[in-house]
Amino acid sequence: MNRSVARAPAHESRAEGARGPRRAGTWRSLAVLVGAVLLAYANAFAAAYQFDDFAAILANPSTQGLSDWWRSLPGIRPLLKLSFALTFEAGGGAVAIHAGNVAIHAANACLLWSLWRRWLPRLAPALGPVDATALLAALLFALHPAATEAVTYASGRSISLAATFVLGAVLADDAACMQPSRRALAWLGPALFALALAVRETAVVMPAIPLLRAWAEGISLRAATRRLRPYALVLAIAAVAALATPGYHVFFGVSLATRPLAAQLASQLLAHGYLLTHPLVGITNIDPDLRVPTAWSASLAVVVALLVGLAVAMSAARRRMAWLAFGIGWYFLQLAPANSLLPRLDLANDRHLYLALAGPMLVVACALMRTAERVRARTAARVVAYASCAMLAFATAMRNADYRSEVALWQATVRESPGKARAWLNLGYAWRLDGDATRAAAAYRCALALDPTNAQAAIDLDMVAPDDGIAAGCPASG
């Protein structure tokens, strides 16, 4: 009998043996992430159209079908509008749009898990359970209620869909760096970056993510910058395209005319204070009552101190806790396009925290796992992790319930922003559509009490209560 059977080297046999369990773990983690998103967002499929949805989606000619979308070109955010046009072309309605948003969110959670899984060995080399930490960080992001405005609110898709292409581009860039011989990968990242810009212009920060990682890990920025030349080419082409698109002239023209630079800087201090103390800790509001500061105040000084403290912590953590420096830097980087120099009509919205949220959640996951390793309390860490995910999922489901109708959403909004006339105006409109003229009139009176110059509130009040003689005032609750 011939016994000269070729045998694989021992290390290859071990690699083959480990590949199966690792692949099974990958699918298990992805299933956990998708299942968690579906569980937390199960009641989001029945959400109603809200606020900007009517103008941006339902009454927008470019979103009604493929031929309408094609005729609208060139226009701003063409890929975003195409995603809605494809839904309507296929005969889908509100449920289909919300299902698409939930699917996008699940995909983003999976992409973040994959990214953290690749990067944590360098960002946190002393951290043992890399896969578990990556999964926890992705779960905290997926279940955090601050993400609901980018997911359950149909118009929030511009944020979440752009995030999908941004994360895909970052992963492709990382793969190209690891496998430089595969030339196709070198252009996949820039191609996905171009698609991200076609969804939302705030994706412009994508090429800075590899630079942030290089800085946090102490890698030469010169070498990292050289690899980003294709992304610079995409940015140049995008800038030319924007200059040739009339819609962007209007878009940026309105923005720049909104307020002077000094007022914008003061406003964004207030906005960052709000984002750190409200949606980041789970307090959601689709229309926060934020107003341009007219003078310097103690609250602005506190925000400055907080932001400076975070910047100092980021710099100090770079050498020994790269994951902390990277997480803080990620948060600031993702907020920079919408919450810095370029003025917006609303000072801040919860949905702008969407991708920025991933940084703090990575920090929380790393801190929890690191503490568990040091005090040898892995069981306690699992309990804390499970409890945190359960609480966030519950808060997300509760917030999704506010989107079930316009009345429910604006009732929730006036509870959080009782002094904002626009919130009461929208609640009055919702009550009017619901056929309750009495409650609509009460909401309009409140809007007028808060803002006597609000012409729309006066017109709407006259529609539901002609010759109304009741004095303007606000009810005790929404």
Net +/- balance of residues flanking Asp467 in space, Cβ distance below 15 Å, scoring K and R +1, D and E -1:
-2
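So which chymotrypsin sites (Phe, Trp or Tyr not before Pro) in segment 282-337 end up in coil per DSSP with only 11 or fewer other C-beta atoms within 10 Å? Could the numbers behind the result be given before it?
Details: sites: Trp296, Trp323, Phe326, Trp330, Tyr331, Phe332; in loops: Trp296.
The qualifying sites are Trp296.
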Net dipole in debye of segment 29-402 [+1 Lys, Arg Cβ; -1 Asp, Glu Cβ; about Cα centre; nearest 20]
1440
Let's test the formula: R0 of 25 Å, r as the Cβ-Cβ distance of Ala305 and Leu256. What FRET efficiency results, to the nearest 0.05?
0.25
Partnerless Cys - the chain, beta-carbon criterion under 4.7 Å:
Cys110, Cys177, Cys366, Cys389
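Rank the residues Met314, Met391 as a footprinting-exposure proxy: fewest other Cβ atoms within 10 Å of their Cβ go first. The partial results should precede the final answer.
Details: Met314 20, Met391 13.
Fewest-to-most ranking of Met314, Met391: Met391, Met314.
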Which labelled figure in (i) -0.25, -0.34, -1.27; (ii) -0.31, -0.41, -1.37; (iii) -0.54, -0.65, -1.20 is log10 I(q)/I(0) by the Debye sum over Cα atoms at q = 0.06, 0.07, 0.13 Å⁻¹, once derived from the coordinates:
(ii)
So if a site counts as exposed when it's one of the trypsin sites (Lys or Arg not before Pro), its DSSP state isn't H, G, I, E or B, and it has at most 15 other Cβ atoms within 10 Å, what's the longest stretch of the chain without one?
8-181
Per residue of segment 191-203, what does 6.51 cos²θ - 1.76 cosθ + 1.60 with θ = phi - 60° give for ³J(HN,Hα)? Whole Hz please, x for Gly and Pro, Karplus curve as stated.
5, 5, 4, 4, 5, 4, 5, 6, 8, 7, 5, 5, 5
Which of Ala147, Asn285, Ala238 sits farthest toward the positive end of the charge dipole of segment 29-402, with +1 on the Cβ of Lys and Arg and -1 on the Cβ of Asp and Glu?
Ala238
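Stretch Asp436-Cys177 to full length: gain in nm at 0.36 nm per residue minus the Cα-Cα span?
Numbers: separation 259, 0.36 × 259 = 93.24 nm, distance 6.07 nm.
Contour length minus Cα-Cα distance gives 87.2 nm.
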How big is the dipole moment of segment 23-176 about its Cα centre under a simple scheme where the beta carbon of each Lys and Arg is +1, that of each Asp and Glu is -1, and everything else is neutral? Debye, nearest 20, please.
360
Compute the relative contact order of the chain as a whole-number percentage, counting only Cα pairs closer than 8 Å that sit 6 or more residues apart in sequence.
18
In whole Hz, the Karplus estimates of ³J(HN,Hα) for segment 278-287 (6.51, -1.76, 1.60; θ = phi - 60°; x where Gly or Pro) are 10, x, 5, 9, x, 8, 9, 6, 6, 9
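Since every read-out is calculated from the coordinates, none of them should be taken as a lab result. Being a predicted model, the structure only gives us computed values, none of them experimental. Note that we place each Cβ from the backbone using ideal geometry, even for glycine, and neighbour counts take in every protein chain shown.
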